[in-house]
Amino acid sequence: MKEFPGLVDSHLHLLSMERKGLDPQGALEDFFACGGLWALDVAVDTLEWDRRVAWAEAEPRLWLSAGIHPSEAASEQNWHELENQVSHPRCLAVGEMGLDWYRGRETEARQRDLFRRQLSLAQAHRLPVIIHNREADRELVEDLDAVQWRDPGIQHCFSSDKTFARQALDRGFWLSFAGNVTYPSAQTLREVAAWAPLDRILVETDSPYLAPQPVRGKPNQPKNAGLTARVLADLRGLPLLEFLEVIRQNFERLVGLPRPSAIGRG
Ligand SMILES: [Zn+2]
């Protein structure tokens, strides 16, 4: 019996893992060996797309998103690249995109323009979005409402309160919990995770960032999604295997997996 059968890591960054000295393919092998079923490699910019595609084409259980992180400045050429990338058959979401006031709000106008453009791009392609939100609850809701967003999406590394959780759920979002939900100081976040509708939550690592409590401080890797899932299963009062099954179904419903090309492989 594998340790985490059916485990899904809905948010990781293979290129960033490599930059931190991890072997992306080895880390994925460890993830699948412990029971991992699906992994989603999330973009922060449009660079090195061909390499990401090569990884996904070598591993049918690995999928891609295409998008531009709010901390990245995007040229018109980057935008053109993004428009091509979202049409790729291995791309199943747009992001990560969003708003980030952590380092200040000098770039607010640029961030919000890029965010709304990506929301519209996702709507045009009927793809779910992956949202990065740092200290920007109010403006995120404004921008989602500006484009009348009601499609599926992921609030990645959910770290806000119940009020924002309710607003996000009402607008079609799933809440994705990362390693920070396991930190001793994260009591309020655990309350949100215990309260949120069970059919609207996901688990992610955000590898190589945010390693969960037992391995905190180390570069994170996809198999650690199992450690976060265990904490969440306890919070929800569910056996781990049952919880993993719920998370798998949540993810598959959100992104439309398995697809005909992947059936029989995963
Ligand atoms: Zn991320």
In segment 1-46, what count of residues is obtained for those that are touching a residue at least 24 places away in the same chain (Cβ under 8 Å), in a loop (DSSP other than H, G, I, E, B) and not basic (Lys, Arg)?
17
Checking ASP234 against (1) within 21 Å of LEU127 (Cα to Cα); (2) free of Cβ contacts under 8 Å to residues at least 24 places away in the same chain, which single condition isn't satisfied?
(1)
ARG116 - would you say it is of a type in the set (D, E, K, R), in contact (Cβ under 8 Å) with a residue 12 or more places away in the chain and touching a helix residue (DSSP H, G or I) at 6+ places or on another chain (Cβ under 6 Å)?
yes
Count of segment 202-243 residues which are more than 16 Å from the ligand (Cβ to nearest atom) and under 22 Å from GLU191 (Cβ atoms)
18
Matching residues in segment 126-139 - criterion: being touching a strand residue (DSSP E or B) at 6+ places or on another chain (Cβ under 7 Å) and either more than 16 Å from the ligand (Cβ to nearest atom) or among the acidic types (Asp, Glu) (or both)
LEU127, GLU139
Could you list, in sequence order, the residues of segment 76-104 that are part of a loop (DSSP other than H, G, I, E, B) and either within 16 Å of the ligand (Cβ to nearest atom) or at pLDDT below 95 (or both)?
TYR102, ARG103, GLY104
Within the bounds of segment 101-117, is there any residue that is of a type in the set (Asp, Glu), crowded, with 17+ Cβ neighbours inside 10 Å and closer than 22 Å to ALA136 by Cβ?
no
Please go through segment 157-179 and give me each residue that is assigned to a helix (DSSP H, G or I), farther than 18 Å from LEU7 by Cα and either hydrophobic (A, V, I, L, M, F, W, C) or in contact with a Ser or Thr (Cβ under 8 Å, 6 or more places away or on another chain) (or both), ordered by number.
PHE164, ALA165, ALA168, LEU169
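The values are calculated or read from the model by the stated rules, or taken from the named source; none is laboratory data. Because the structure is a prediction, the values reported are computed rather than measured. Positions of Cβ are backbone-derived with ideal geometry, glycine not excepted, and every protein chain shown enters the neighbour counts.
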